[in-house]
Amino acid sequence: MLADLALLFMRLMVGAVFATSGWSHAKDPVTRGKSIGQSPGFTRFLGIAELAGGLGVAFGCALGGAAGASAQELVIGVIAPLTGSKAEQGMQFKEGAELAVADLNKAGGVLGRQLRVELLDDEGQPKNAAAAAQKLAANRNVIGVIGPSSTASCRAALPILPRRSLTA
């Protein structure tokens with residue numbers, strides 16, 4: 001019970017990081033777009049995606065429970081386009097997840113367990129996102145998934161993750 005509450009808290013924190021960033025992008029896309037070198041339209045889209053992802057991690061994973069985390073190290077899976085035409089967006093996913101996990105680990109982890117980010121490159125391709133979701137679903141230490149970043153990749157990955165009570 002206590003372990004489930006700690007994992008829920010950690011998931012809420014990761015979700016809050018992404019939701020906060022998303023709110024910042026969606027609220028002021030002109031200023032934020034300049035700071036990341038993107039158009040206001042793309043920045044607003046990114047903000048909405050971050051908000052949706054953050055809320056999905058916070059609430060979707062909370063509903064899914066903490067099944068499968070039994071080893072010393074807990075894993076947060078990230079499915080993102082680290083290469084290809086959307087690599088810049090994927091790097092934002094990577095950096096956000098790594099910063100959140102570093103903060104949690106610095107604070108002692110979750111119930112004494114350290115967290116680790118497992119990055120999987122979907123290249124922005126749905127078939128790669130589905131393969132990444134399969135890999136993460138097979139890892140019993142994965143407690144949550146961030147991503148994929150595109151609608152098509154989400155449609156490919158989402159049917160796989162609930163089999164393990166994981167939500168992207």
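Values in this text are rule-based calculations from the coordinates and carry no lab data. Keep in mind that what you see is a predicted model, and the values were worked out from it rather than measured. Glycine gets a Cβ as well: all are built from the backbone with ideal geometry, and neighbour counts include every protein chain shown.
What's the extension gain from I36 to Q134 if we count 0.36 nm per residue and subtract their Cα-Cα distance?
Computed gain between I36 and Q134 is 32.1 nm.
List the aspartates and glutamates whose alpha-carbon lies under 15 Å from that of K135, not counting same-chain residues fewer than 8 positions away?
Cross-link targets: E118, D121, D122.
Tally Lys and Arg at +1 and Asp and Glu at -1 over the other residues with C-beta under 13 Å from the C-beta of T83: what net charge comes out?
It works out to a net charge of -2.
Among 94-103, 144-153, how do they line up from the highest to the lowest mean number of other beta-carbon atoms within 10 Å?
Highest-to-lowest ranking by the protection proxy: 144-153, 94-103.
Packing-wise, with mean Cβ within 10 Å as the measure, how do 78-85, 104-111 rank, highest first?
Output ranking for 78-85, 104-111: 78-85, 104-111.
Taking the Cβ of G109 as the center, what net charge do the other residues with Cβ under 12 Å away carry, scoring Lys and Arg +1 and Asp and Glu -1?
+1
What lysines could a cross-link reach from K86, if we take a straight Cα to Cα line under 20 Å and drop same-chain neighbours fewer than 8 places away?
K34, K94, K127
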